[in-house]
Amino acid sequence: MDRDWARLGSALRAARQTLGLEQQQVAERIGVKRGALRNIEVGEISRVTPTVLAYARIVGWSDASIDAVLDGGEPTQEERVPPDEPTTAVVDTPEDLPLRIKAALAGAGPVLDTAVISLPGEDGEDSGAQMVIVVKGRSGNVTPEQIQKALLQWEKAEAQIRRTGSG
């Protein structure tokens, strides 16, 4: 089945407009140039990137919404952060996490992306375990360009992790 990237872009644009957000506002919140959002909105993309995920989250979509729209379905809404509030939030940490992980999650800086990756078992079967990755930006005076570079590096690392896990 072909994935309908133009449909995804149109749905994201409609959701943004419904919220009264301009492309520039969304681009600034994500840390990309406005042209990147234009490319998404007209369907000039061919894969789900951290920028697409961040865009979907800003308009209040659940993570599953992107695939649903690409496959002809409708997005589902999640509780979203109002557009005038920063997306830098402290991540609640379960009590049983190691102290170094708790400290890293509780530290200042925006959560840039997350991933949940199933770990393969022997002979390529499902091991029943998952790896949870939280990508955080540095706190302080970080430019949108630095955030974009970090997201691109994460995108490469995530692809490598997923390739390693599937082989």
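The numbers here are math on the coordinates, done by the rules we state, and not lab data. This structure is a prediction, so every number in the text was calculated from the model and none was measured. All Cβ positions, even for glycine, are placed from backbone atoms using ideal geometry, and neighbour counts span all protein chains on display.
Find out how many positive minus negative residues lie around ARG162, taking Lys and Arg as positive, Asp and Glu as negative, among other residues whose Cβ is under 15 Å from that of ARG162. Working shown, then result.
On the way: positive: ARG47, LYS156, ARG163; negative: ASP113, ASP126, GLU155, GLU158.
Charge balance in the 15 Å sphere: -1.
Counting every other Cβ atom within 10 Å of each residue's Cβ, LEU112, LEU8, LEU119 order from fewest to most as LEU119, LEU112, LEU8. For the chain, a crude dipole built from +1 on the beta carbon of Lys and Arg and -1 on the beta carbon of Asp and Glu, taken about the Cα centre, is about 820 debye to the nearest 20.
Only lysines eight or more places from LYS102 in sequence, or on another chain, were considered; those with a Cα closer than 20 Å are LYS136.
Relative contact order, whole percent, for the chain stands at 19, derived from Cα pairs under 8 Å and 6 or more residues apart. Among SER139, ALA129, LEU8, flag the residue with its Cα farthest along the positive direction of the charge dipole of the chain, charges on Cβ as +1 for Lys/Arg and -1 for Asp/Glu. Of the listed residues, the answer is SER139. Listed from fewest to most Cβ neighbours within 10 Å, the set GLU74, GLU155, GLU22 follows the order GLU74, GLU22, GLU155.
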